[in-house]
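Read through the structure below, which is laid out as structure tokens, and then see the notes.
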């Protein structure tokens, strides 16, 4: 389990033990949060939504000017998962029914010289890590974050390493004894959760905030839009108290009901009929 895949500037070294998985202190991901990441669910020894995660990272890397080879990164994820399965089996474990989180991290690589200006010829750093995961199954509670995000920020479209706003929001939620924090944009509408996308249901129709309101284009968000023929809709906090059900989604936890916001109970929706299809190819 203490294995990582590490590739610095395209030079390897590949699969390495935790103690040897070292990234230079001059890496721009460490210095400036200059990079991207994906978190994926591994179940049954596979990463069923890997192609969707790679496609999103590829689109974001292209937009940010970071070289990225999705085939190489995908193979790295598969190699590490295979190594984890082998290690578990040799140790008497069984990954068949276990779930893990696989994190793929891409940074622009070594800074070259100091300053925000990216190097003209970046040599990206790629890392893949696997950790055991116990997926929550019950309803969630949330607070409204004390600060608002800017829906026109160029970062909202990307799962960026520059995630300090999300860190602060999650910290506020934890201090309030809640699972998640909902982020409002400058117009006072809900954009997303710190680590989730939001859906509400009205008369069987699934609705989620539009990307223009500042939410991440989540992999599970798009899966649910496709499965439900849902639509994008501008959502305010008040809408959560007059819908038939609210749900928080991401590619690791799936789709879970939101039962309370800021200490007030929310309408409970029935279990979505598509749960068994969330991670199917």
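The values are calculated or read from the model by the stated rules, or taken from the named source; none is laboratory data. Note that the structure is a prediction, hence the values are computed from the model and not measured. Cβ coordinates were reconstructed from backbone atoms using ideal geometry, including for glycine residues, and neighbour counts include every protein chain displayed.
Which one of 142, 131 is outside any loop (DSSP other than H, G, I, E, B), in contact with a strand residue (DSSP E or B) (Cβ under 8 Å, 6 or more places away or on another chain) and either on the phi > 0 side of the Ramachandran plot or modelled with pLDDT under 95 (or both)?
Result of the check over 142, 131: 131.
Select the helices (runs of 4 or more DSSP H) contained entirely in segment 1-120, then report the ones holding at least 3 residues which are at pLDDT below 95 and touching a strand residue (DSSP E or B) at 6+ places or on another chain (Cβ under 9 Å).
Of the helices (runs of 4 or more DSSP H) lying wholly inside segment 1-120, those with at least 3 residues that are at pLDDT below 95 and touching a strand residue (DSSP E or B) at 6+ places or on another chain (Cβ under 9 Å) span 70-90.
Within segment 161-192, track down each residue that is within 17 Å of residue 211 (Cα to Cα) and in a loop (DSSP other than H, G, I, E, B).
186, 187, 188, 189 - these are the residues of segment 161-192 that are within 17 Å of residue 211 (Cα to Cα) and in a loop (DSSP other than H, G, I, E, B).
Does residue 107 fit the bill of being within 30 Å of residue 87 (Cβ to Cβ) and either assigned by TED's automatic domain parsing to the domain that holds residue 60 or under 20 Å from the mean Cα position of the chain (by Cα) (or both)?
Values: within 30 Å of residue 87 (Cβ to Cβ): yes; either assigned by TED's automatic domain parsing to the domain that holds residue 60 or under 20 Å from the mean Cα position of the chain (by Cα) (or both): yes.
Taking the combined requirement at face value, the residue satisfies it.
Restricting the search to segment 190-212, which residues are surrounded by fewer than 17 Cβ atoms within 10 Å (Cβ to Cβ) and touching a strand residue (DSSP E or B) at 6+ places or on another chain (Cβ under 6 Å)?
210
How many of the residues in segment 224-276 are farther than 22 Å from residue 143 by Cα, touching a residue at least 40 places away in the same chain (Cβ under 8 Å) and under 19 Å from the mean Cα position of the chain (by Cα)?
Adding up the residues that qualify gives 1.
If you go through segment 71-104 one residue at a time, how many are without any contact (Cβ under 8 Å) to a residue 60 or more places away in the chain, buried (at least 16 other Cβ atoms within 10 Å of the Cβ) and under 18 Å from the mean Cα position of the chain (by Cα)?
The total comes to 3.
Which members of segment 180-191 meet the condition of being touching a residue at least 60 places away in the same chain (Cβ under 8 Å) and in contact with a helix residue (DSSP H, G or I) (Cβ under 7 Å, 6 or more places away or on another chain)? Spell out the reasoning first.
Narrowing segment 180-191 to residues touching a residue at least 60 places away in the same chain (Cβ under 8 Å): 180, 182.
Across segment 180-191, the qualifying residue is only 180.
Would a scan of segment 162-178 turn up a residue that is surrounded by 12 or more Cβ atoms within 10 Å (Cβ to Cβ), closer than 30 Å to residue 21 by Cα and touching a residue at least 60 places away in the same chain (Cβ under 8 Å)?
Within segment 162-178 (the criterion being surrounded by 12 or more Cβ atoms within 10 Å (Cβ to Cβ), closer than 30 Å to residue 21 by Cα and touching a residue at least 60 places away in the same chain (Cβ under 8 Å)), the answer is yes, since at least one residue qualifies.
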